[in-house]
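What follows is a set of notes on a single structure, which appears directly below.
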Amino acid sequence: MELPNELIIKFISDFCVCRFKDTNHAPEAKPHYYVNVPVCDNSSLLLCIITSQIEKKYGYYSRVSQKALKSLINVDNKSLPILSKDSVIDCNNAELFNKTELLKRVDPKFAFKVDERNIPHFLKLKIIEAIKNSPQIKPYIKKMLKTSDFL
């Protein structure tokens, strides 16, 4: 049984990997994986995209900000079994969404899915650290990170 997208989004609050098609991406683009990072505001989600375009991400941040390279986290199917190829979590591009706003970004023709809830502890810590150290993330977002549960 498929639950409505709004119901799934409403009850996400912990680390997980979700998948959805973003209406801001090209119409031919496939749904992407995102890591949800817990924040103190229960009405919001902080999402970091996971992409298999590793060289493209490293190339971009090499040109834009050497410090930002440290906020790219390499992952594979050993750390996240749902991945079919080596990928990178872009913690420089963590987007904070009000849950209602996020629903508008989810293409209604595709389901919003939570594909993985068992994120390894070491990976949670790496993601939090990468967001905190990213020169791209605004200080108010860094202050919203819910870190006490993971230390």
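The values are calculated or read from the model by the stated rules, or taken from the named source; none is laboratory data. Because the structure is a prediction, the values reported are computed rather than measured. Counting neighbours? That spans all protein chains shown, and the Cβs are built from the backbone with ideal geometry, glycine included. Please note that ligands, DNA and RNA were not included when accessible areas were found on the heavy atoms of the full protein model with its side chains. Shrake-Rupley method; radii C 1.70, N 1.55, O 1.52, S 1.80 Å.
Here the stretch 77-151 is treated with +1 on each Lys and Arg Cβ and -1 on each Asp and Glu Cβ, and its dipole about the Cα centre works out to around 180 debye. Of the accessible area of the stretch 4-51, computed with a 1.4 Å probe over protein heavy atoms only, carbon and sulfur atoms account for 53 percent.
In order along the stretch 86-95, phi translates into HN-Hα couplings of 4, 9, 9, 8, 8, 7, 7, 10, 5, 10 Hz, rounded to whole numbers, per the Karplus curve 6.51 cos²θ - 1.76 cosθ + 1.60 with θ = phi - 60° and x for Gly and Pro. Across Arg105, Arg19, Arg63, the residue with the most accessible area heads the list, and the full order at a 1.4 Å probe is Arg63, Arg19, Arg105. For the chain, the Stokes-Einstein estimate of translational diffusion at 10 °C and a viscosity of 1.306 mPa s comes to 101 µm²/s, using the Kirkwood hydrodynamic radius over alpha-carbon pairs.
Whole-Hz Karplus values for the stretch 97-113 come out as 10, 5, 4, 5, 5, 4, 4, 6, 8, 8, 4, x, 6, 10, 7, 8, 10 Hz, taken residue by residue from phi with 6.51 cos²θ - 1.76 cosθ + 1.60 and θ = phi - 60°; glycine and proline positions read x. Take the chain with all the other protein chains still there, run a 1.4 Å probe, and you get 57 Å² of accessible area per residue.
Residue by residue, the stretch 11-20 carries 3J(HN,Hα) couplings of 9, 7, 8, 10, 4, 6, 10, 10, 9, 7 Hz when phi is fed to the Karplus relation 6.51 cos²θ - 1.76 cosθ + 1.60 (θ = phi - 60°); x denotes Gly or Pro. Divide the volume of the convex hull around the Cα atoms of the stretch 1-80 by the residue count and you get 154 Å³ per residue. For Val39, the accessible surface of its heavy atoms amounts to roughly 10 Å² (probe 1.4 Å, protein chains only, rounded to the nearest 10). When only the Cβ of Lys, Arg, Asp and Glu is charged (+1, +1, -1, -1), the dipole of the stretch 15-93 relative to its Cα centre reaches about 180 debye.
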